[in-house]
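Each value in this text was obtained by applying a stated rule to the coordinates, not by laboratory testing. Because the structure is a prediction, the values reported are computed rather than measured. Neighbour counts are summed over all protein chains in view; Cβ atoms, including those assigned to glycine, are modelled from backbone coordinates with ideal geometry.
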Amino acid sequence: MRLRRKPWARPELEKDQKVVLNPFDYKGKWQEVFEKAQPIHLELGCGRGQFISECAAANQNINYVAIDLYDEVLVKTLRKINEKELNNVRIIPMNISKLGEVFADNEIDKIYINFCNPWPSRRHHHRRLTHPEFLKVYKRLLKNHSEIWFKTDDDGLFKDSLRYFAGEGFDTKYLTYDL
């Protein structure tokens, strides 16, 4: 999918309190960003926000952080959470490679990675959100006994990710080839 640049997207994001434009200021203090201190779940690469808005609506006792690089999709996420009047979601427009600079060790309760870019070219595998270098960061940020929920429709990414998770010492609790 090719995104078209929308010059109005960033100004719309900047106007809303649910968008955290200075995420580095909250490292270790993410509970301050929300109205209530609750478990924090991250969605990495939230896209247009369907998943995060449905989860947040169904689980008001959990705080959610949606991260994506593109303002053009984040503005759609913002509109969905505002339409549903959700106060337990915050949006961060940033590159996921900076995640370790934004969250402290043991600050996150769960991570969701849904249908991320598979980066099929071997020379781009280091960009995959399940690459061992990313998994090392996630492991540090996650509390003990926390989970990463990963979904993909790309067979190559799926098989490689299983290897990546095992190589970094993650246990697989549920595995299916037919979602």
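Seen from residue 107, the other residues with C-beta closer than 13 Å to its C-beta sum to a net charge of +2, counting Lys and Arg as +1 and Asp and Glu as -1. Between residue 6 and residue 126, the contour length at 0.36 nm per residue exceeds the alpha carbon distance by 40.3 nm. Under the convention that each Lys and Arg Cβ holds +1 and each Asp and Glu Cβ holds -1, the size of the dipole of the chain around its Cα centre is about 500 debye.
Along the chain, the exposed loop sites are chymotrypsin sites (Phe, Trp or Tyr not before Pro) outside DSSP states H, G, I, E and B with at most 12 other Cβ atoms within 10 Å, and the longest stretch free of them is 9-173.
Centre-to-centre separation between the Cα atoms of the stretch 51-110 and those of the stretch 113-179: 19 Å. Filter the cross-link list 36/76; 29/80; 18/110; 29/159; 6/139 down to pairs whose alpha-carbon distance in this structure exceeds 31 Å. In this structure, 29/159; 6/139 lie more than 31 Å apart at Cα. The dipole here belongs to the stretch 1-70: it is taken about the Cα centre, uses +1 on the Cβ of Lys and Arg and -1 on the Cβ of Asp and Glu, and is about 380 debye. Under the rule a/c < 1.5 gives rounded, and otherwise a/b versus b/c splits prolate from oblate, where does the stretch 9-87 land using the Cα gyration tensor? Judged from the Cα gyration tensor, the stretch 9-87 comes out oblate (a/c at least 1.5, b/c at or above a/b). The slack between residue 48 and residue 29, meaning 0.36 nm per residue of separation minus the straight C-alpha distance, is 4.2 nm.
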